[in-house]
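Student: Sending over a structure as structure tokens; questions will come in a sec.
The values are calculated or read from the model by the stated rules, or taken from the named source; none is laboratory data. Since this is a predicted model, take the numbers as computed values, not measurements. Ideal geometry is used to build each Cβ from the backbone, glycine not excepted, and the neighbour counts take in all protein chains shown. For the accessible areas, the whole protein counts, side chains as well, though only heavy atoms, and no ligand, DNA or RNA atoms are used. Shrake-Rupley method; radii C 1.70, N 1.55, O 1.52, S 1.80 Å.
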Amino acid sequence: MSARILDGRAVAAEVLAEVGVRAERLRARGVVPCLAVVLVGDDPASAIYVRNKGRRAAEVGIETRDLRLPASTSESDLLARVDALARDPAVHGILVQLPLPPGIDARRVLEAIPPDKDVDGFHPENLGRLVIGDPRLVPCTPAGCMRLLAHTGIDLCGKRAVVVGRSNIVGKPMAHLLLQADATVTIAHSRTRDLPRVVGEADVVVAAAGRPGLVRGAWIREGAVVLDVGINRVEGRLTGDVEFAAAAERAAWITPVPGGVGPMTIACLMENVVQAAEGPPG
Ligand code: NAP
């Protein structure tokens, strides 16, 4: 078998087009969807992510407010800034770019974002809602993966899914979204025994370990769907967590890196901003 490519750029463009329509509707009601992005310090990768988010937002009619703070910012200063954004009715979404400089407790800062403005979906209330099956703002990368899975047209009900990685921002929410779609879900991590066998049983593999080429092509079950979340820089090139060429020989669908999950993450962030601006359902 030779896999079909799950083209994240194309699916993201569809998502962004829908977001643009929703943003336009909000503007017609006098609501300008607005995302505040807080960047502390001068991590070059974070600066690129923030710039890309700003560009995408502008393309779909979302206003952005950039708050750039020096690496010397104290936790209490940062909390005060987040609190000001939390109280500002013109701001619908607040994103604090991670990682934060040493000395700042990221968990405290993320918990200071009101759940209804938490467009990253990292607040314990939003994660808790996802776990109890009542999701509101869902973390963007797992949400993007679900959109890619929907694009394959494959019904996930009863399928065996393996998520490699158990971070709070990718692996765990991903597993819960798959569970909600009635898949039978296994979460693998660095202590998992016999990862090749675990991955080999999966109809859907989501690799989110941040280890280049960890998931070998030979492990993939014939006809599986493979989503590669990993972004690793190896000798100056971006590469995923999956041994792409060999996996593509066996999978039915596979995401490339770059151009797979990455573009979906930003698109789903924009979707969360319009959702936050639209207000609670009902
Ligand atoms: P993370 O917090 O470092 O978590 C990595 C997870 O992978 C951990 O649960 C770890 O297990 C597990 N792991 C590490 N080595 C393993 C191994 N050899 N076998 C099995 N499991 C292993 O990373 P993250 O934030 O979830 O991100 C994961 C990857 O996705 C990174 O490459 C990141 O850059 C990328 N990412 C991409 C996007 C995107 O938009 N495409 C968004 C976010 C993240 P333990 O818990 O046991 O340590």
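Student: Any chance region 201-213 includes a residue that's open to solvent by 40 Å² or more (accessible area, probe 1.4 Å), more than 12 Å from the ligand (Cβ to nearest atom) and more than 30 Å from G20 (Cα to Cα)?
Tutor: Yes.
Student: Please pick out the residue among A252, A267 that is more than 10 Å from the ligand (Cβ to nearest atom), open to solvent by less than 10 Å² (accessible area, probe 1.4 Å) and not hydroxyl-bearing (S, T, Y). So that I can check it myself, show each step before the final result.
Tutor: Numbers: A252 fails: open to solvent by less than 10 Å² (accessible area, probe 1.4 Å).
None of the other options fit; the residue is A267.
Student: A follow-up question, please. Give me the pairs: first residue in region 176-201 and over 14 Å from W219 (Cβ atoms) and assigned to a loop (DSSP other than H, G, I, E, B), second residue open to solvent by less than 80 Å² (accessible area, probe 1.4 Å) and β-branched (V, I, T), beta-carbon distance under 9 Å, and six or more apart or on different chains, which are they?
Tutor: A183/V204; H189/V164
Student: Please name all residue pairs, on different chains or six or more residues apart, with Cβ atoms under 6 Å, provided the first residue is in region 259-281 and is touching a residue at least 24 places away in the same chain (Cβ under 8 Å) and the second residue is outside any helix (DSSP H, G or I) and near the ligand (Cβ under 8 Å from one of its atoms).
Tutor: Listed pairs, sorted by first residue: V261/V229.
Student: Looking at (1) basic (K, R); (2) surrounded by fewer than 20 Cβ atoms within 10 Å (Cβ to Cβ); (3) in contact (Cβ under 8 Å) with a residue 40 or more places away in the chain, which is the one condition that is false for R55?
Tutor: Failing condition for R55: (3).
Student: For H151, all conditions in the list (1) touching a Leu at 6+ places or on another chain (Cβ under 7 Å); (2) surrounded by 20 or more Cβ atoms within 10 Å (Cβ to Cβ); (3) touching a residue at least 60 places away in the same chain (Cβ under 8 Å) hold save one; what is the number of the exception?
Tutor: Only one criterion is unmet by H151, namely (2).
Student: Do we have V229 as in contact with a helix residue (DSSP H, G or I) (Cβ under 9 Å, 6 or more places away or on another chain) and touching a residue at least 60 places away in the same chain (Cβ under 8 Å) here? Walk me through how you get there before you give the answer.
Tutor: On the way: in contact with a helix residue (DSSP H, G or I) (Cβ under 9 Å, 6 or more places away or on another chain): yes; touching a residue at least 60 places away in the same chain (Cβ under 8 Å): yes.
When the stated conditions are applied, V229 passes them.
Student: Quick one: how many residues across region 170-196 are within 15 Å of the ligand (Cβ to nearest atom) and out of contact with any Cys (no Cβ under 9 Å at 6 or more places or on another chain)?
Tutor: The qualifying residues number 17.
Student: Find the residue count for region 70-97, including only residues that are closer than 16 Å to V50 by Cβ, open to solvent by 50 Å² or more (accessible area, probe 1.4 Å) and not charged (D, E, K, R).
Tutor: Of the residues in that region, 2 qualify.
Student: Still on this structure, please answer the following. I'd like the full set of residues that are open to solvent by 50 Å² or more (accessible area, probe 1.4 Å) and outside any strand (DSSP E or B), limited to region 58-69.
Tutor: Answer for region 58-69, where residues must be open to solvent by 50 Å² or more (accessible area, probe 1.4 Å) and outside any strand (DSSP E or B): A58, E59.
Student: Looking only at region 231-243, which residues are touching a Gly at 6+ places or on another chain (Cβ under 8 Å) and either more than 10 Å from the ligand (Cβ to nearest atom) or closer than 27 Å to E18 by Cβ (or both)?
Tutor: Here is the first cut: in region 231-243, the ones touching a Gly at 6+ places or on another chain (Cβ under 8 Å) are 231-232, 239-243.
Hits for region 231-243 are I231, G240, V242, E243.
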